[in-house]
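A.B. asks: Attaching a single structure in structure tokens format; questions to follow.
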Amino acid sequence: MSVTVITYDRSMGRWEPNARGRLEQAALALYRERGFEQVTVTEIAGRAGLTERTFFRHYADKREVLFGGSSALQELLVRAVTEAPEASAPIDVVVAALAAAGAQLEERRDLARQRQAIIDANPELQERELVKLATFATALAGALRERGVSEPAASLTGQAGIAVFRVAFERWVNDIGQRGLPELIRESFDELKALTAGT
């Protein structure tokens, strides 16, 4: 009986370790160096040491490198609202959900700063960011309605939550003191409550 030895060409690798992370790092570096508009998918894949085909297995286009985690973050927000104690007030439920999302983002502060600088420099990306945040607000409102919160309270709470999140996030990426995003989210909500209470 003979034994057949199968060898693989390394350039044809079926599995690329941390391909998604490598593509993200390469894209962010190129966007910072040359600007988002000037960078191609081919260049991103090349910088990461991967193929265009691998890029498209992970991202639909070069914008999605900056927005690829949106679905997971939205799922986390909805789950946090769904699993919150029944007796909690809608605004407190949203604050807790956003703080949970903030805790997840804490691990990626440097990347968040890089990403935000790229978005701030490009009107098309700013528009995409606003669409993402509007989607989050809609998802929060839907999750609140599932908890029995009526309209317009559910939509108002979802929209207010995302407005406060935006302010807290901007403070977080620019905060020299390195305070945590969950802390800034809660602080921003407290400021909003004080404002609406007229104090």
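A.B. asks: What number of residues within region 55-85 satisfy the criterion of being touching a His at 6+ places or on another chain (Cβ under 9 Å) and in contact (Cβ under 8 Å) with a residue 24 or more places away in the chain?
C.D. replies: Qualifying residue count for the region: 2.
A.B. asks: Considering only region 70-89, state which residues are part of a loop (DSSP other than H, G, I, E, B) and crowded, with 17+ Cβ neighbours inside 10 Å.
C.D. replies: Result: Ala84, single match.
A.B. asks: Looking at Arg113, is it in a helix (DSSP H, G or I) and closer than 30 Å to Ala154 by Cβ? Working first, answer last.
C.D. replies: Details: in a helix (DSSP H, G or I): yes; closer than 30 Å to Ala154 by Cβ: no.
Spelling it out, it is not the case that Arg113 is in a helix (DSSP H, G or I) and closer than 30 Å to Ala154 by Cβ.
A.B. asks: So in region 108-128, with the set limited to residues that are of a type in the set (Asp, Glu) and free of Cβ contacts under 8 Å to residues at least 24 places away in the same chain, which one is farthest from Gly180 (Cα to Cα)?
C.D. replies: Glu127
A.B. asks: If you check Ala97 against the conditions, is it assigned to a helix (DSSP H, G or I), assigned by TED's automatic domain parsing to the domain that holds Thr138, of a type outside the set (Val, Ile, Thr) and buried (at least 17 other Cβ atoms within 10 Å of the Cβ)?
C.D. replies: Yes; evaluated as a whole, the condition is true for this residue.
A.B. asks: What about Gly46, is it farther than 29 Å from Gly161 by Cα and of a type in the set (Gly, Ala, Ser)? Outline the logic, then answer.
C.D. replies: On the way: farther than 29 Å from Gly161 by Cα: yes; of a type in the set (Gly, Ala, Ser): yes.
Judged against the criteria, Gly46 is a match.
A.B. asks: Just the residues that are part of a helix (DSSP H, G or I), loosely packed, with under 15 Cβ neighbours inside 10 Å and acidic (Asp, Glu), please, taken from region 121-179.
C.D. replies: Listed by number, the residues that qualify are Glu124, Glu127, Glu146, Glu170.
The values are calculated or read from the model by the stated rules, or taken from the named source; none is laboratory data. Since the structure is predicted, the reported quantities are computational estimates derived from the model, not experimental observations. Every residue, glycine as well, gets a Cβ built from its backbone with ideal geometry; the counts of neighbours run over all protein chains shown.
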